[in-house]
Each structure stands twice: as structure tokens, then as C-alpha cells.
Amino acid sequence: MTKMASTLHFVLVHGVGGGSWCWYKIRCLMENSGYKVSCIDLKSGGIDSSDPNKVLTFEDYNQPLIDFLFTIPDHDKIILVGHSAGGLSLTHAILKFGKKIHLAIFIAATMLRLGFWTEQDVKDGVPDLSEFGDVEDITFGNGPNEPPTSIVIKKEFQRKLAYHMSPLEDSTLASMLLKPGPIRALQGAQFKETGHDNDIDKVTRVYIKTLNDRIVKPEQQDAMIKKWAPADAYVLESDHSPMFSTPFLLFGMLIKAVASTQIKLDLLDQRPLSEH
């Protein structure tokens, strides 16, 4: 039986309140260059009509990604790309589909090995916007005495915080499409390793750091990189949203990350059997 050729398949995952629309520039560049790419709307994100105040567990929130990965044929080499809180979605997927995932790329993203288990995890991985004042609209969907259920940056602060180096057209688009994100579900992102076959450290990871980020600050990114070191770390002179502010450079880094990973894997395959 003839073995099917492997196909690189990029799967792009948005952050809090975003959607597949966030990737329109990167998708265009990828498809015009001949790459296979899919953009996911997580539950309550993008065109998904779910109420974020009723999405209360991370598993529920991330289910669209998990369902989609189940449908990808085994001969596809999956390149997972996550932005911001989308990094948590990547980690969750790695634990479930370790053998299917060729590479995971974290862009200004929460990269915590097993999610939020300690105060330090929260300090490193959760944006702290308190220095900017009252900049978030918070909804307490389960009552004022319960934890908040959704959150979104107020429109008048979105450009200043998330898109300050991005074209005005893109920050305007984002202000029209950004939705409250299910913060209760995200805060509950705690993962457990499921066994040897899906060892989370077997999947190659690359981190793309954004030097002018006001959401996930550079020092937070550095802390996560140091704590759970990726195979490579690249740097962009970007705000929190390089898919808008530096799309060509970001596209180049994504392709470079894939090529670099493949070269390293090829070198490993060429070692004598005694060294494997």
C-alpha cells in the first residue's frame, strides 16, 4: 500500500474574545504561498454564538479545537499556532493529540506546562492591566458574589493596549468584532498529563516574543520561556497583535520555525541507531 505524503497543516487559534478573523492577514499570506491553513473559533469566539457567561469550563471552551483536530487525517503534520490565551488551548491539545502535532508555536501567548496551578503561574500567565486603570468590562453572570464569567477591554482602551503599533484599519476592525471572553473558563485551565504516549515535552515548541506588548508583558513572556523552555524563541518588535502590526515578519517567523524544526528532526533521524 502506498504511503501518503505528509502535508503541513497550520491550525491557528485566537486569544480571549477574538476569533478566526484575527488571522485574516496570516491566512492570506499562507494560502498564497501554498500552505494548508485552518482558523478556529473557540466556544463564544468569532462567529460562535455561545454566551461566554455560560462557558464555565476550559474543556467546554476549547472543545471546537479538540473536535477539529479529531478530523485531521494522520498524514497531516499539524502546526498549532496560538496567540495570547490561545497558548492554553495549544497545551490542552498537545496533551490530547501529542502524536499528531508536529510543532506548537506560541505567539505572545500563555505558555504554562499544565496551566494555572500556582500563584506564580497566574503572575506569569495572566495579563495585569491594573496600571492602566479601569480598562475592562467585567460581567458576573452567576451573581455578584461569584467569580466573574466574562471580560473584555473597553473599546476606548483597546487600541492603546492591544493594537498600538497596528494599522488603524485593523484596530477599528477589532473594535467591531472583539467580544467578551469567558474568563471563568480560562481561569480554570488546569491540566494533567495523561500518560507516556502523550508526553507533553515530546512536542517541539517555539515561542515568538513581542517586545512592545502591553497585555502579556515581555517580563511575563521571559518568565514563561525560562520556566518551560521551548526549542527556540524568536523576537518581534511588535505590540500584542503581530498578526496585524507585523504580519509579513510574523509569517516569515512561522515558516522559519517549521523549517528549523524539520532540519533538527532530520538530523536526529540521521544519527546512528546506538545514539537514539
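The values are calculated or read from the model by the stated rules, or taken from the named source; none is laboratory data. Model, not experiment: these values are computed from the prediction. Here the Cβ positions follow ideal geometry from the backbone for every residue, glycine too, while neighbour counts run over all protein chains shown. These area figures cover heavy atoms from the full protein model, side chains too; ligands, DNA and RNA do not enter into them. Shrake-Rupley method; radii C 1.70, N 1.55, O 1.52, S 1.80 Å.
Some observations on this one:
- Within the range 176-199, restricting attention to residues that are open to solvent by 50 Å² or more (accessible area, probe 1.4 Å) and under 19 Å from Thr110 (Cα atoms), the residue that is modelled with the lowest pLDDT is Glu193.
- Pick from the range 5-17, criterion in a loop (DSSP other than H, G, I, E, B) and in contact with an Asp or Glu (Cβ under 9 Å, 6 or more places away or on another chain), ranking: modelled with the highest pLDDT: His14
To keep it simple, each residue is scored yes or no on (1) at pLDDT 95 or above; (2) more than 21 Å from Cys22 (Cα to Cα); (3) more than 18 Å from the chain's Cα centre (by Cα); (4) of a type in the set (A, V, I, L, M, F, W, C).
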site	(1), (2), (3), (4)
Thr91	yes, no, no, no
Lys96	no, yes, no, no
Lys99	no, yes, yes, no
Trp117	yes, yes, yes, yes
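- Residue count for the range 48-77 under the criterion of being aliphatic (A, V, I, L, M) and in contact with a Leu (Cβ under 7 Å, 6 or more places away or on another chain): the result is 1.
- Residue within the range 168-175 that is more than 17 Å from Leu90 (Cα to Cα) and either open to solvent by 70 Å² or more (accessible area, probe 1.4 Å) or touching a Ser or Thr at 6+ places or on another chain (Cβ under 6 Å) (or both) present: yes
- Against the numbered list (1) under 18 Å from the mean Cα position of the chain (by Cα); (2) assigned to a loop (DSSP other than H, G, I, E, B), Lys192 comes up short only at (1).
- Positions within the range 1-27 being closer than 27 Å to Glu136 by Cβ, crowded, with 20+ Cβ neighbours inside 10 Å and either more than 18 Å from the chain's Cα centre (by Cα) or aromatic (Phe, Trp, Tyr) (or both), in sequence order: Trp23
- Test: residue in the range 2-16 that is without any contact (Cβ under 8 Å) to a residue 40 or more places away in the chain, touching a strand residue (DSSP E or B) at 6+ places or on another chain (Cβ under 8 Å) and closer than 23 Å to Leu161 by Cβ: no
- Close Cβ contacts (under 9 Å, 6 or more residues apart or on different chains) running from residues in the range 39-55 that are closer than 16 Å to Gly15 by Cβ and hydroxyl-bearing (Ser, Thr, Tyr) to residues that are open to solvent by less than 30 Å² (accessible area, probe 1.4 Å) and part of a strand (DSSP E or B) comprise Ser44/Ser150; Ser44/Gly181.
- Among the residues of the range 241-264, the one identified as in contact with a strand residue (DSSP E or B) (Cβ under 6 Å, 6 or more places away or on another chain) and part of a loop (DSSP other than H, G, I, E, B) is Thr246.
- Residue within the range 155-171 that is among the aromatic types (Phe, Trp, Tyr) and either part of a strand (DSSP E or B) or at pLDDT below 95 (or both) present: no
- The range 205-229, residues that are closer than 24 Å to Ala259 by Cβ and surrounded by fewer than 16 Cβ atoms within 10 Å (Cβ to Cβ): Leu211, Ala229
- Yes/no for Lys202 being open to solvent by 40 Å² or more (accessible area, probe 1.4 Å) and in contact (Cβ under 8 Å) with a residue 12 or more places away in the chain: yes
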